[in-house]
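The values are calculated or read from the model by the stated rules, or taken from the named source; none is laboratory data. Since this is a predicted model, take the numbers as computed values, not measurements. Please note: Cβ atoms are built from the backbone with ideal geometry, for glycine as well, and neighbour counts cover all protein chains shown. Areas reflect the complete protein model, heavy atoms only, side chains present, ligands, DNA and RNA absent. Shrake-Rupley method; radii C 1.70, N 1.55, O 1.52, S 1.80 Å.
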Amino acid sequence: MTPPPPPQPVATVPRQSAEPPAHAPVDAGRARRPTLPRVTELLLSAFAGHRGSTFRLGDLTLLAGPSGTGKTTALRAYEALARLGGGAELGEVFPDPSACVPERARPDAQRRRGFRIGCTADGPEGPVRLEVAVQAEPELRIVGERLSADGLVLMETALRDPRRAVQAAWHTAGATAVTRAPLPDDRLGTALLPLRVAGTTAGQLRVLAAAEQMLVALRSVFPCDPRPERMRDPVPAGTGRLLPDCENLADVLWRTRSECTRRHALLVDAVRVGCAGPVDDLLAEPCAGGRLMRAVLDRGDGVRTTLRRLGDGELRYTALALVLLTGPGVLEADVPGEVPDALRCLTVLADGLDRAQDPAQRAALLALAARMCERGHIRLVGAVSDATWAAGVPGATVVHLRRD
């Protein structure tokens, strides 16, 4: 099969180091085939400020570097792949696609420019690689996609005509080597394969297994960046599912405190470390005549402190601890409902993990993350300005980014 063409010529931009240090521990998932699908590499061939970058991801990964090295950009690319894997349209995922094109990329003769991203997902089928080429200008469309495993191309697409479609070809290994069909150019082809591949030959079954592993790994993602300025005010009772900015923390506490007393007790233990003064409990209570909910710290002596009085670091710490101690049923995440919880591994993408945190808070938060990630059903990819404080934490993989 002919490989998909690149979306445009891209000029070289200053490259950033995305390699883990020599002392970083090897992810245990690489030593043996994991039973739960998970993304183990993020590939940014040409995306915003990244060029030819490969980020190796463990169960607990810290992207470390000063401002401007592309930590947030890498998390944004990961989230974009997750949304595409969930079936979102290209325009929803990239509302400003020109911002994703490398700054020095020059248009070709047809005035086209674009970007390329991808990832590797490991699991029962072994490592499966996804690569996507996106044209951003003059119009947004997927112009090339490739799904491969063990050096075998299982599915690829390429733009063959100006219509809103790409030509797809997937591995069959039956009477014909491949099956060809048009696919829309505004959605990820891999996400459409379970609806298009018959699964009547061994080759088709392998394509389906690889696609499903990739989709399960990608869709189980929760991007999180707590916003303290939004967490201080009371909120109306809602679904009890935590939003990415954690502004509805009080509504979620009302639910989790009654549903899982054991995990709530662990949350209170964590909050005792990260918040000033005594903490006997963390709970939500009705206010404004019962129309709203507010979160409070019970000091144990009859005094209750509302979250409005807490500092930004305390609020971010509390919200992130809640995220790590809860599960996909409580987080507002697009997870594959057809896959049981026991067969999913949720990945939390935490931008500014150490923002507004003092040394005690960030150390306690990282220790909590290490304990939860060790259990195997939650992973964390966090962006931090510096990771020297994370040295020696078991299971932590540090990816250093730098300005060149």
Reported set for the range 299-349 where residues are at pLDDT 80 or above, touching an Asp or Glu at 6+ places or on another chain (Cβ under 9 Å) and assigned to a loop (DSSP other than H, G, I, E, B) is R299, G300, D301, V330, C345
If we only count strands (runs of 3 or more DSSP E) wholly inside the range 177-287, which ones have 2 or more residues that are among the hydrophobic types (A, V, I, L, M, F, W, C) and surrounded by 22 or more Cβ atoms within 10 Å (Cβ to Cβ)?
221-224, 281-287
Criterion first (open to solvent by less than 70 Å² (accessible area, probe 1.4 Å), closer than 17 Å to L215 by Cβ and part of a strand (DSSP E or B)) does R146 satisfy it?
yes
Does A77 satisfy the condition of being open to solvent by less than 40 Å² (accessible area, probe 1.4 Å), within 30 Å of T388 (Cβ to Cβ) and of a type outside the set (D, E)?
yes
Flag if R309 is more than 23 Å from T239 (Cβ to Cβ) and either open to solvent by 30 Å² or more (accessible area, probe 1.4 Å) or under 30 Å from the mean Cα position of the chain (by Cα) (or both):
yes
Within the range 54-69, the count of residues that are closer than 29 Å to D186 by Cβ and modelled with pLDDT under 95 comes to 0
